[in-house]
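One structure is given below, encoded as C-alpha coordinates.
The values are calculated or read from the model by the stated rules, or taken from the named source; none is laboratory data. Keep in mind the model is a prediction, meaning the values are calculated, not measured. Note: ideal-geometry Cβ built from the backbone for every residue, glycine included; neighbour counts use all protein chains shown. For the accessible areas, the whole protein counts, side chains as well, though only heavy atoms, and no ligand, DNA or RNA atoms are used. Shrake-Rupley method; radii C 1.70, N 1.55, O 1.52, S 1.80 Å.
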Amino acid sequence: MGRRKKIVQECERLMDNPDHIRNIAIAAHVDHGKTTLTDNLLAGAGMIADEGEATRLMMDTEEDEQERGITIDAANVSMTHEYEDTNHLINLIDTPGHVDFGGDVTRAMRAVDGAMVVVDAVEGAMPQTETVVRQALREGVKPTLFINKVDRLISELQEGPEEMQQRLMSVIGDVNELIRGMTDDMDDIDEDWTVSVEDGTVAFGSALYRWGVSMPSMQATGIDFGDIIELERNDNRQELHDRTPLSDVVLDMVCEHFPNPLNAQPRRVPRIWRGDDESELAEGMRLVDPDGEVVFMVTDISMDPHAGEIATGRLFSGTLEKGQELYVSGTAGKNRIQNVGLFMGGEREEVERVPAGNIAAVTGLRDAIAGSTVSGVEMTPFESIEHISEPVITKS
Ligand code: GDP
(Lines give C-alpha, C1' and ligand atoms only; values in the text may rest on other atoms or scores of the structure.)
Protein backbone atom coordinates (compact mmCIF):
# COMPACT_ATOMS: atom_id res chain seq x y z
CA MET A 1 0.00 0.00 0.00
CA GLY A 2 1.29 3.47 -0.86
CA ARG A 3 2.16 5.95 1.84
CA ARG A 4 -0.72 8.22 0.96
CA LYS A 5 -3.26 5.45 1.20
CA LYS A 6 -1.90 4.36 4.57
CA ILE A 7 -2.17 7.91 5.90
CA VAL A 8 -5.74 8.21 4.67
CA GLN A 9 -6.73 4.95 6.33
CA GLU A 10 -5.06 5.88 9.59
CA CYS A 11 -6.66 9.35 9.67
CA GLU A 12 -10.08 7.84 8.98
CA ARG A 13 -9.59 5.34 11.78
CA LEU A 14 -8.50 8.01 14.25
CA MET A 15 -11.26 10.51 13.47
CA ASP A 16 -13.76 8.38 15.43
CA ASN A 17 -11.64 8.58 18.55
CA PRO A 18 -11.92 12.07 20.06
CA ASP A 19 -9.63 11.29 22.98
CA HIS A 20 -6.80 10.84 20.50
CA ILE A 21 -7.53 13.99 18.47
CA ARG A 22 -5.75 17.30 18.98
CA ASN A 23 -6.95 20.37 17.08
CA ILE A 24 -4.16 22.91 17.21
CA ALA A 25 -2.77 26.13 15.74
CA ILE A 26 0.75 27.45 15.56
CA ALA A 27 0.78 31.14 16.24
CA ALA A 28 3.72 33.48 15.88
CA HIS A 29 5.00 36.91 15.05
CA VAL A 30 6.01 37.05 11.39
CA ASP A 31 9.41 35.44 10.63
CA HIS A 32 9.68 33.71 14.00
CA GLY A 33 9.58 30.32 12.23
CA LYS A 34 6.02 29.06 11.94
CA THR A 35 6.42 27.78 8.37
CA THR A 36 9.75 26.11 9.07
CA LEU A 37 8.31 24.44 12.17
CA THR A 38 5.25 23.21 10.25
CA ASP A 39 7.55 21.65 7.63
CA ASN A 40 9.41 19.87 10.42
CA LEU A 41 6.22 18.48 11.90
CA LEU A 42 4.90 17.20 8.58
CA ALA A 43 8.21 15.58 7.74
CA GLY A 44 8.60 14.11 11.21
CA ALA A 45 5.10 12.66 11.02
CA GLY A 46 6.01 11.01 7.71
CA MET A 47 3.61 13.14 5.70
CA ILE A 48 6.34 14.36 3.38
CA ALA A 49 9.59 12.73 2.36
CA ASP A 50 11.99 14.97 4.20
CA GLU A 51 12.25 18.26 6.01
CA GLY A 52 12.69 21.35 3.91
CA GLU A 53 10.85 19.73 1.05
CA ALA A 54 7.38 20.29 2.38
CA THR A 55 6.50 23.26 0.27
CA ARG A 56 8.00 21.84 -2.88
CA LEU A 57 6.35 18.47 -2.41
CA MET A 58 3.00 20.00 -1.64
CA MET A 59 3.22 22.02 -4.82
CA ASP A 60 4.29 18.95 -6.79
CA THR A 61 1.36 17.06 -5.43
CA GLU A 62 -0.92 19.94 -6.21
CA GLU A 63 -0.17 19.69 -9.92
CA ASP A 64 -0.60 15.97 -9.77
CA GLU A 65 -3.74 16.04 -7.71
CA GLN A 66 -5.48 18.77 -9.62
CA GLU A 67 -5.98 16.24 -12.36
CA ARG A 68 -7.90 14.14 -9.89
CA GLY A 69 -9.81 17.03 -8.38
CA ILE A 70 -8.19 16.98 -4.97
CA THR A 71 -6.88 20.23 -3.56
CA ILE A 72 -3.89 20.94 -1.45
CA ASP A 73 -4.57 23.55 1.16
CA ALA A 74 -1.41 24.28 3.07
CA ALA A 75 -3.49 26.26 5.56
CA ASN A 76 -4.89 23.02 6.98
CA VAL A 77 -2.81 19.95 7.52
CA SER A 78 -3.42 16.80 9.50
CA MET A 79 -0.87 14.31 10.67
CA THR A 80 -0.62 11.30 12.90
CA HIS A 81 1.85 10.93 15.74
CA GLU A 82 2.51 8.06 18.09
CA TYR A 83 2.73 9.11 21.72
CA GLU A 84 2.87 6.66 24.61
CA ASP A 85 2.14 3.74 22.25
CA THR A 86 -1.02 5.37 20.91
CA ASN A 87 -1.46 7.01 17.55
CA HIS A 88 -2.94 10.51 17.62
CA LEU A 89 -4.62 12.57 14.91
CA ILE A 90 -3.28 16.11 14.95
CA ASN A 91 -5.21 18.68 12.94
CA LEU A 92 -3.15 21.80 12.47
CA ILE A 93 -4.75 25.02 11.26
CA ASP A 94 -2.55 27.76 9.95
CA THR A 95 -2.89 31.26 11.28
CA PRO A 96 -1.91 34.02 8.86
CA GLY A 97 1.32 35.67 9.94
CA HIS A 98 0.48 39.26 9.20
CA VAL A 99 -1.29 41.65 11.53
CA ASP A 100 -3.81 42.65 8.88
CA PHE A 101 -5.16 39.13 9.04
CA GLY A 102 -6.02 39.46 12.69
CA GLY A 103 -9.61 38.46 11.96
CA ASP A 104 -8.48 35.23 10.33
CA VAL A 105 -6.18 34.44 13.21
CA THR A 106 -9.11 34.65 15.59
CA ARG A 107 -11.28 32.51 13.35
CA ALA A 108 -8.62 29.81 13.23
CA MET A 109 -8.48 29.92 17.04
CA ARG A 110 -12.15 29.04 17.25
CA ALA A 111 -11.53 25.73 15.48
CA VAL A 112 -8.72 24.61 17.79
CA ASP A 113 -8.21 23.74 21.44
CA GLY A 114 -4.49 24.36 21.72
CA ALA A 115 -2.11 27.00 20.36
CA MET A 116 1.63 26.60 20.12
CA VAL A 117 3.11 30.05 20.46
CA VAL A 118 6.42 30.32 18.60
CA VAL A 119 8.86 32.99 19.72
CA ASP A 120 12.23 33.79 18.17
CA ALA A 121 14.85 33.48 20.95
CA VAL A 122 16.80 36.47 19.64
CA GLU A 123 13.89 38.86 19.09
CA GLY A 124 11.79 37.75 22.04
CA ALA A 125 8.05 38.34 22.41
CA MET A 126 6.85 40.89 19.84
CA PRO A 127 3.58 42.81 19.44
CA GLN A 128 2.02 40.08 17.37
CA THR A 129 3.00 37.48 19.95
CA GLU A 130 0.83 39.38 22.37
CA THR A 131 -2.02 39.55 19.84
CA VAL A 132 -2.02 35.82 19.16
CA VAL A 133 -1.76 34.90 22.84
CA ARG A 134 -4.70 37.18 23.62
CA GLN A 135 -6.74 35.76 20.75
CA ALA A 136 -6.05 32.19 21.84
CA LEU A 137 -6.97 32.84 25.45
CA ARG A 138 -10.09 34.76 24.57
CA GLU A 139 -11.32 31.71 22.67
CA GLY A 140 -10.47 29.43 25.60
CA VAL A 141 -7.55 27.88 23.70
CA LYS A 142 -4.68 26.57 25.81
CA PRO A 143 -1.16 27.83 25.02
CA THR A 144 2.23 26.13 25.00
CA LEU A 145 5.50 27.79 24.02
CA PHE A 146 8.20 26.88 21.53
CA ILE A 147 11.28 29.11 21.63
CA ASN A 148 12.84 28.90 18.19
CA LYS A 149 16.20 29.89 16.65
CA VAL A 150 18.16 28.85 19.73
CA ASP A 151 21.00 27.93 17.31
CA ARG A 152 21.52 31.67 16.78
CA LEU A 153 22.18 32.26 20.45
CA ILE A 154 25.00 29.73 20.30
CA SER A 155 26.53 30.25 16.86
CA GLU A 156 25.88 33.91 16.16
CA LEU A 157 25.68 35.55 19.55
CA GLN A 158 28.22 33.11 21.05
CA GLU A 159 26.29 32.99 24.29
CA GLY A 160 27.32 30.71 27.13
CA PRO A 161 24.92 28.59 29.21
CA GLU A 162 24.14 31.31 31.76
CA GLU A 163 23.43 34.00 29.23
CA MET A 164 21.27 31.61 27.25
CA GLN A 165 19.35 30.55 30.28
CA GLN A 166 18.74 34.15 31.28
CA ARG A 167 17.49 35.04 27.84
CA LEU A 168 15.21 32.01 27.56
CA MET A 169 13.80 32.57 31.02
CA SER A 170 13.07 36.17 30.16
CA VAL A 171 11.11 35.09 27.04
CA ILE A 172 9.13 32.63 29.17
CA GLY A 173 8.54 35.37 31.75
CA ASP A 174 7.21 37.78 29.11
CA VAL A 175 4.86 35.18 27.64
CA ASN A 176 3.64 34.18 31.10
CA GLU A 177 2.95 37.79 31.95
CA LEU A 178 0.58 37.91 28.98
CA ILE A 179 -1.04 34.61 29.93
CA ARG A 180 -1.45 35.60 33.57
CA GLY A 181 -2.91 38.98 32.63
CA MET A 182 -5.61 37.29 30.57
CA THR A 183 -6.36 34.17 32.61
CA ASP A 184 -6.50 35.72 36.10
CA ASP A 185 -10.16 36.60 35.66
CA MET A 186 -11.12 33.58 33.53
CA ASP A 187 -13.07 31.51 36.00
CA ASP A 188 -13.74 28.67 33.54
CA ILE A 189 -10.11 27.59 33.64
CA ASP A 190 -9.37 25.46 36.65
CA GLU A 191 -5.67 24.89 35.98
CA ASP A 192 -2.69 27.18 35.71
CA TRP A 193 -2.16 27.97 32.03
CA THR A 194 1.18 29.70 32.44
CA VAL A 195 3.93 27.73 30.72
CA SER A 196 7.03 26.28 32.36
CA VAL A 197 10.07 24.21 31.55
CA GLU A 198 9.42 21.93 34.52
CA ASP A 199 5.87 21.13 33.43
CA GLY A 200 7.00 20.39 29.89
CA THR A 201 4.85 23.13 28.37
CA VAL A 202 7.92 24.90 26.98
CA ALA A 203 10.22 23.48 24.30
CA PHE A 204 13.35 25.03 22.78
CA GLY A 205 15.13 24.38 19.56
CA SER A 206 15.96 25.20 16.00
CA ALA A 207 13.33 24.71 13.33
CA LEU A 208 16.00 25.41 10.71
CA TYR A 209 18.37 22.69 11.95
CA ARG A 210 15.50 20.47 13.09
CA TRP A 211 16.47 19.76 16.69
CA GLY A 212 14.54 20.50 19.84
CA VAL A 213 14.48 19.82 23.55
CA SER A 214 12.05 19.98 26.44
CA MET A 215 12.32 18.78 30.01
CA PRO A 216 10.72 15.40 29.20
CA SER A 217 12.88 15.00 26.08
CA MET A 218 16.06 15.77 28.05
CA GLN A 219 15.06 13.14 30.58
CA ALA A 220 14.39 10.60 27.83
CA THR A 221 17.44 11.24 25.63
CA GLY A 222 19.96 12.44 28.22
CA ILE A 223 20.76 15.41 25.97
CA ASP A 224 21.05 18.66 27.89
CA PHE A 225 21.97 22.25 27.06
CA GLY A 226 25.69 21.50 27.54
CA ASP A 227 25.52 18.84 24.80
CA ILE A 228 23.53 21.15 22.58
CA ILE A 229 26.03 24.00 22.89
CA GLU A 230 28.91 21.64 22.14
CA LEU A 231 27.28 19.95 19.14
CA GLU A 232 25.97 23.23 17.71
CA ARG A 233 29.38 24.95 18.12
CA ASN A 234 31.09 22.03 16.38
CA ASP A 235 28.60 22.19 13.55
CA ASN A 236 27.22 18.74 14.40
CA ARG A 237 23.66 19.77 13.71
CA GLN A 238 22.76 16.60 11.89
CA GLU A 239 23.77 14.58 14.94
CA LEU A 240 21.70 16.89 17.11
CA HIS A 241 18.70 16.34 14.83
CA ASP A 242 19.20 12.58 14.80
CA ARG A 243 19.47 12.37 18.57
CA THR A 244 16.71 14.80 19.50
CA PRO A 245 14.48 15.56 16.51
CA LEU A 246 12.33 18.66 16.86
CA SER A 247 9.17 17.06 15.49
CA ASP A 248 9.11 14.37 18.18
CA VAL A 249 9.67 16.86 20.97
CA VAL A 250 6.98 19.23 19.73
CA LEU A 251 4.38 16.58 18.80
CA ASP A 252 4.88 14.83 22.16
CA MET A 253 4.20 18.19 23.81
CA VAL A 254 1.04 18.58 21.68
CA CYS A 255 -0.29 15.15 22.67
CA GLU A 256 0.58 15.51 26.35
CA HIS A 257 -0.42 19.10 27.05
CA PHE A 258 -3.17 20.11 24.65
CA PRO A 259 -6.70 19.03 25.55
CA ASN A 260 -8.62 16.62 23.34
CA PRO A 261 -12.11 17.71 22.17
CA LEU A 262 -13.80 15.78 24.99
CA ASN A 263 -11.88 17.82 27.56
CA ALA A 264 -11.99 21.10 25.68
CA GLN A 265 -15.57 21.40 24.42
CA PRO A 266 -17.42 21.44 27.77
CA ARG A 267 -15.24 24.38 28.78
CA ARG A 268 -15.10 26.17 25.44
CA VAL A 269 -18.74 25.92 24.38
CA PRO A 270 -20.21 28.25 27.08
CA ARG A 271 -17.51 30.77 26.14
CA ILE A 272 -18.40 30.85 22.44
CA TRP A 273 -22.13 30.00 22.47
CA ARG A 274 -24.85 31.78 24.41
CA GLY A 275 -27.69 29.33 23.72
CA ASP A 276 -29.61 27.34 26.34
CA ASP A 277 -27.04 25.27 28.22
CA GLU A 278 -29.74 22.81 29.34
CA SER A 279 -30.70 21.97 25.77
CA GLU A 280 -29.94 18.80 23.84
CA LEU A 281 -27.78 20.87 21.52
CA ALA A 282 -25.61 22.00 24.42
CA GLU A 283 -25.38 18.42 25.65
CA GLY A 284 -24.35 17.20 22.19
CA MET A 285 -21.55 19.75 22.06
CA ARG A 286 -20.37 19.06 25.60
CA LEU A 287 -20.21 15.32 24.90
CA VAL A 288 -18.74 15.71 21.37
CA ASP A 289 -21.63 13.44 20.45
CA PRO A 290 -21.45 11.99 16.91
CA ASP A 291 -25.17 11.07 17.23
CA GLY A 292 -26.20 14.58 18.31
CA GLU A 293 -27.51 17.31 15.98
CA VAL A 294 -24.96 18.69 13.56
CA VAL A 295 -23.32 21.86 14.92
CA PHE A 296 -20.56 23.07 12.64
CA MET A 297 -18.70 26.38 12.95
CA VAL A 298 -17.25 27.59 9.65
CA THR A 299 -13.87 29.24 10.13
CA ASP A 300 -12.68 29.57 6.54
CA ILE A 301 -14.03 29.54 2.98
CA SER A 302 -11.61 28.66 0.21
CA MET A 303 -12.04 28.23 -3.51
CA ASP A 304 -11.28 24.97 -5.26
CA PRO A 305 -11.09 25.10 -9.05
CA HIS A 306 -12.90 21.77 -9.31
CA ALA A 307 -15.05 21.40 -6.22
CA GLY A 308 -16.02 25.08 -5.87
CA GLU A 309 -16.33 26.73 -2.48
CA ILE A 310 -15.05 24.72 0.45
CA ALA A 311 -16.18 25.55 3.95
CA THR A 312 -13.69 24.46 6.59
CA GLY A 313 -14.52 24.45 10.25
CA ARG A 314 -14.90 22.67 13.54
CA LEU A 315 -17.63 20.11 14.02
CA PHE A 316 -18.74 20.43 17.65
CA SER A 317 -21.55 17.88 17.52
CA GLY A 318 -23.18 15.36 15.18
CA THR A 319 -21.80 13.72 12.05
CA LEU A 320 -21.45 15.42 8.67
CA GLU A 321 -22.54 13.39 5.66
CA LYS A 322 -23.16 13.93 2.01
CA GLY A 323 -26.75 14.94 1.17
CA GLN A 324 -27.59 16.47 4.57
CA GLU A 325 -29.76 19.59 4.48
CA LEU A 326 -28.43 22.09 6.97
CA TYR A 327 -29.34 25.54 8.25
CA VAL A 328 -26.81 28.33 7.80
CA SER A 329 -27.06 31.10 10.40
CA GLY A 330 -28.33 34.43 9.14
CA THR A 331 -29.82 33.00 5.94
CA ALA A 332 -33.20 31.60 5.03
CA GLY A 333 -33.66 28.02 3.83
CA LYS A 334 -31.21 25.16 3.92
CA ASN A 335 -28.08 24.15 2.03
CA ARG A 336 -27.38 20.62 0.91
CA ILE A 337 -23.97 19.12 1.58
CA GLN A 338 -22.34 17.82 -1.58
CA ASN A 339 -19.23 16.30 -0.12
CA VAL A 340 -17.42 16.05 3.19
CA GLY A 341 -13.69 15.71 3.62
CA LEU A 342 -10.82 15.71 6.06
CA PHE A 343 -7.37 17.18 5.62
CA MET A 344 -4.67 14.54 5.49
CA GLY A 345 -1.14 15.65 5.09
CA GLY A 346 -1.82 18.89 3.26
CA GLU A 347 -4.57 17.49 1.09
CA ARG A 348 -8.33 17.43 1.29
CA GLU A 349 -9.61 13.91 1.05
CA GLU A 350 -13.26 13.13 0.58
CA VAL A 351 -14.69 10.67 3.07
CA GLU A 352 -18.12 9.17 3.73
CA ARG A 353 -18.67 10.98 7.01
CA VAL A 354 -16.89 13.14 9.56
CA PRO A 355 -17.85 12.79 13.24
CA ALA A 356 -17.84 15.45 15.99
CA GLY A 357 -14.52 16.71 17.33
CA ASN A 358 -12.85 17.00 13.94
CA ILE A 359 -11.95 19.75 11.51
CA ALA A 360 -14.06 19.08 8.41
CA ALA A 361 -14.04 20.47 4.85
CA VAL A 362 -17.46 20.64 3.26
CA THR A 363 -18.77 21.54 -0.19
CA GLY A 364 -22.32 22.61 -0.98
CA LEU A 365 -22.78 25.19 1.79
CA ARG A 366 -23.29 27.98 -0.70
CA ASP A 367 -24.69 30.50 1.79
CA ALA A 368 -21.99 29.97 4.42
CA ILE A 369 -19.32 32.54 5.14
CA ALA A 370 -16.40 32.41 7.58
CA GLY A 371 -18.09 32.71 10.95
CA SER A 372 -21.36 30.95 9.99
CA THR A 373 -22.98 28.44 12.29
CA VAL A 374 -24.24 25.46 10.28
CA SER A 375 -26.67 23.12 11.99
CA GLY A 376 -29.24 20.37 11.63
CA VAL A 377 -31.87 22.36 13.53
CA GLU A 378 -32.33 26.10 13.80
CA MET A 379 -30.25 27.35 16.71
CA THR A 380 -28.66 30.35 18.38
CA PRO A 381 -25.52 30.97 16.31
CA PHE A 382 -22.07 31.01 17.86
CA GLU A 383 -20.88 34.33 19.21
CA SER A 384 -19.40 36.48 16.49
CA ILE A 385 -15.64 36.41 16.46
CA GLU A 386 -14.11 39.58 17.71
CA HIS A 387 -11.13 41.04 16.01
CA ILE A 388 -8.40 42.02 18.42
CA SER A 389 -6.29 44.84 17.11
CA GLU A 390 -2.53 45.04 17.47
CA PRO A 391 -1.54 46.14 20.96
CA VAL A 392 1.29 48.49 21.82
CA ILE A 393 3.78 46.37 23.72
CA THR A 394 6.32 47.87 26.04
CA LYS A 395 9.29 45.59 26.38
CA SER A 396 11.20 45.59 29.60
P1 GDP B 1 7.21 32.51 9.57
O2 GDP B 1 7.05 33.86 8.96
O3 GDP B 1 6.92 32.53 11.04
O4 GDP B 1 6.48 31.41 8.86
O5 GDP B 1 8.78 32.19 9.51
P6 GDP B 1 9.60 31.21 8.54
O7 GDP B 1 9.45 29.80 8.94
O8 GDP B 1 9.32 31.57 7.13
O9 GDP B 1 11.09 31.64 8.92
C10 GDP B 1 11.55 32.96 8.73
C11 GDP B 1 13.06 32.95 8.51
O12 GDP B 1 13.72 32.47 9.68
C13 GDP B 1 13.49 32.03 7.38
O14 GDP B 1 14.58 32.64 6.71
C15 GDP B 1 13.95 30.77 8.10
O16 GDP B 1 14.94 30.04 7.39
C17 GDP B 1 14.53 31.34 9.38
N18 GDP B 1 14.45 30.39 10.49
C19 GDP B 1 13.36 29.68 10.88
N20 GDP B 1 13.68 28.91 11.92
C21 GDP B 1 14.98 29.14 12.21
C22 GDP B 1 15.88 28.62 13.21
O23 GDP B 1 15.55 27.79 14.05
N24 GDP B 1 17.15 29.11 13.18
C25 GDP B 1 17.58 30.03 12.29
N26 GDP B 1 18.86 30.43 12.35
N27 GDP B 1 16.75 30.53 11.33
C28 GDP B 1 15.48 30.09 11.30
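For region 260-278, filtering for residues that are outside any helix (DSSP H, G or I) and in contact with a Lys or Arg (Cβ under 8 Å, 6 or more places away or on another chain) leaves 1. Here S329 fulfils each of the conditions (1) in contact with a Ser or Thr (Cβ under 6 Å, 6 or more places away or on another chain); (2) touching a residue at least 60 places away in the same chain (Cβ under 8 Å); (3) more than 30 Å from A43 (Cβ to Cβ) apart from (2).
When the criteria are applied in full, I7 meets the requirement of being outside any strand (DSSP E or B), more than 15 Å from the ligand (Cβ to nearest atom), at pLDDT 75 or above and within 12 Å of E347 (Cα to Cα).
Pairs are defined by a Cβ separation below 7 Å, a sequence spacing of at least 6 or placement on different chains, a first member in region 30-46 that is hydroxyl-bearing (S, T, Y) and at pLDDT 90 or above, and a second member that is open to solvent by 10 Å² or more (accessible area, probe 1.4 Å) and near the ligand (Cβ under 8 Å from one of its atoms); the pairs so defined are T36/L208. Please indicate, with yes or no, whether at least one residue in region 99-115 is open to solvent by less than 60 Å² (accessible area, probe 1.4 Å), part of a helix (DSSP H, G or I), more than 22 Å from I310 (Cβ to Cβ) and modelled with pLDDT of 85 or more. No, region 99-115 contains no residue that is open to solvent by less than 60 Å² (accessible area, probe 1.4 Å), part of a helix (DSSP H, G or I), more than 22 Å from I310 (Cβ to Cβ) and modelled with pLDDT of 85 or more.
Regarding I93, is this residue part of a loop (DSSP other than H, G, I, E, B), at pLDDT below 90 and of a type outside the set (G, A, S)?
Values: part of a loop (DSSP other than H, G, I, E, B): no; at pLDDT below 90: yes; of a type outside the set (G, A, S): yes.
No: the conditions fail for I93.
Taken together, the residues in region 109-155 that are within 14 Å of the ligand (Cβ to nearest atom), small (G, A, S) and more than 15 Å from K34 (Cα to Cα) amount to 1. Restricting attention to region 116-146 and to residues that are open to solvent by 10 Å² or more (accessible area, probe 1.4 Å) and among the aliphatic types (A, V, I, L, M), the residue that is farthest from the chain's Cα centre (by Cα) turns out to be V122.
Within region 147-226, considering only helices (runs of 4 or more DSSP H) that don't extend past its boundaries, which have at least 3 residues that are over 24 Å from the mean Cα position of the chain (by Cα) and surrounded by fewer than 13 Cβ atoms within 10 Å (Cβ to Cβ)? Lay out the reasoning, then the answer.
On the way: elements: 150-155, 161-183, 215-221.
Counting at least 3 such residues, we get 161-183.
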